[in-house]
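Here's the structure we're looking at; comments come further down.
The values are calculated or read from the model by the stated rules, or taken from the named source; none is laboratory data. Everything numeric here is computed off the predicted structure, so don't read it as measured data. Here Cβ is always computed from backbone atoms with ideal geometry, including for glycine, and neighbour counts include all displayed protein chains.
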Amino acid sequence: MNDFFQQQQSPRTPRPDYGRQAGEFFGRHRKPLIIVAALILLLAFLWGEFFFVVNEAEQAVVTRFGVIKQVILNERSDFYEQHAEALKDEITTQGDVQIIKGSGLHFRVPFLDKVEKFSSMLYTYTSSSETINTSDKKQYKVTTYAQWRIAEPALFSLKLGNPKNAENQLDNLIHPVIVQAINRLTGDDFISNKDALNAALKRGLEQINRDMVIRGIQVQDIQVHRSILPEANVETTYERMKADRAKVAQQLRSEGEQSYQMAVSDTDLQASIINSDAVKEAGAIRAEGDAQALTIYADAYQADTEFYSFWRSLQALKGTLKNNSTLVLSQDHPLWQQLLKWGFGQ
């Protein structure tokens with residue numbers, strides 16, 4: 001038992017002091033470590049001076065002492081191929097300017113080359129509201145928008161510099177084109193005929209791109225963003241719409257009344273035809289019945305002439321005498337003779 005307590009009270013093995021060991025190591029190798037860290041920083045700095053990265057949604061212009069040396073375009077760009085004739089006299093088509101397509105890692109001369117990057121994504125331009133007249137003198141307050149992109153960053157940098165200047169230039173071009181396109185349309189075509197409006201805007205888009213190509217911009221689309229009536233014309237338009245609807249309603253009522261009259265006339269005609277056919281058929285049946293009755297009467301007369309004569313006389317009396325009537329016959333009257341004969345067997 002005493003041995004057990006002695007073992008429990010014995011001192012533990014000391015743990016290594018890593019902090020102290022690291023401090024001793026750094027103290028012994030301070031100079032080499034500082035040199036290595038300085039070399040790493042220097043290499044990182046020189047790497048950034050020798051190389052640069054262009055992302056997928058970027059384009060770049062490399063200049064040396066203000067002179068353009070490289071233009072890096074999106075790999076899907078066909079701007080130069082599409083507009084070769086318009087760009088043949090521009091500085092970026094000269095032999096000492098290198099056109100490169102594709103993003104990624106690129107080399108530059110350190111401390112001499114300057115890299116300016118531009119987005120290759122679409123920008124959206126929205127105009128202010130303007131009052132525009134159609135060809136039939138109808139007024140609308142119109143807001144337009146356009147989608148555009150920087151297609152050639154070098155020309156864009158030289159002639160415009162930034163998107164704000166580009167939108168100011170677009171505003172000067174797009175608004176007159178939109179105004180002229182709408183001026184040629186009637187109010188109904190402008191509001192309802194989208195094919196006519198889109199055809200006019202397409203022609204305007206081609207004109208805008210011809211003007212903007214030398215500035216390195218390509219406009220993808222222009223459209224009417226919003227069109228509303230001026231306040232002064234709202235009431236007039238409302239009244240005109242009411243009159244148009246009333247005219248349509250009256251026309252529908254007239255067409256309905258015409259259809260009703262035609263249906264009634266046709267029904268009356270069909271009823272007259274049916275009635276005529278019924279009268280004709282009834283007359284035929286009646287004539288046939290009368291003929292059969294006459295045949296029966298003739299057969300009855302031939303069977304017993306005297307009885308038939310007596311019966312006919314009674315039918316005549318029945319049609320002649322009324323209630324409380326008195327019949328006066330002479331003795332030689334045929335009817336009296338028949339009554340005596342048939343009544344008393346004389």
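Each row is one residue, and each column tells you yes or no for (1) outside any loop (DSSP other than H, G, I, E, B); (2) at pLDDT below 85; (3) outside the structural domain of Leu158 (by TED's automatic domain parsing).
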residue	(1), (2), (3)
Leu39	yes, yes, yes
Leu42	yes, yes, yes
Lys69	yes, no, yes
Thr92	yes, yes, yes
Gly95	no, yes, yes
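Would you be able to say whether some residue in region 97-107 is part of a loop (DSSP other than H, G, I, E, B), of a type in the set (A, V, I, L, M, F, W, C) and outside the structural domain of Gly66 (by TED's automatic domain parsing)? No; the residues of region 97-107 include none that is part of a loop (DSSP other than H, G, I, E, B), of a type in the set (A, V, I, L, M, F, W, C) and outside the structural domain of Gly66 (by TED's automatic domain parsing). Being surrounded by 13 or more Cβ atoms within 10 Å (Cβ to Cβ), under 28 Å from Val67 (Cβ atoms) and in contact with a strand residue (DSSP E or B) (Cβ under 8 Å, 6 or more places away or on another chain), is that true of even one residue in region 182-190? No, region 182-190 has no match at all. Would you say Arg253 is out of contact with any helix residue (DSSP H, G or I) (no Cβ under 9 Å at 6 or more places or on another chain) and modelled with pLDDT of 90 or more? For Arg253, the condition - out of contact with any helix residue (DSSP H, G or I) (no Cβ under 9 Å at 6 or more places or on another chain) and modelled with pLDDT of 90 or more - is met. Report yes if some residue within region 276-286 is surrounded by 10 or more Cβ atoms within 10 Å (Cβ to Cβ) and touching a helix residue (DSSP H, G or I) at 6+ places or on another chain (Cβ under 9 Å); otherwise report no. Within region 276-286, not a single residue is surrounded by 10 or more Cβ atoms within 10 Å (Cβ to Cβ) and touching a helix residue (DSSP H, G or I) at 6+ places or on another chain (Cβ under 9 Å).
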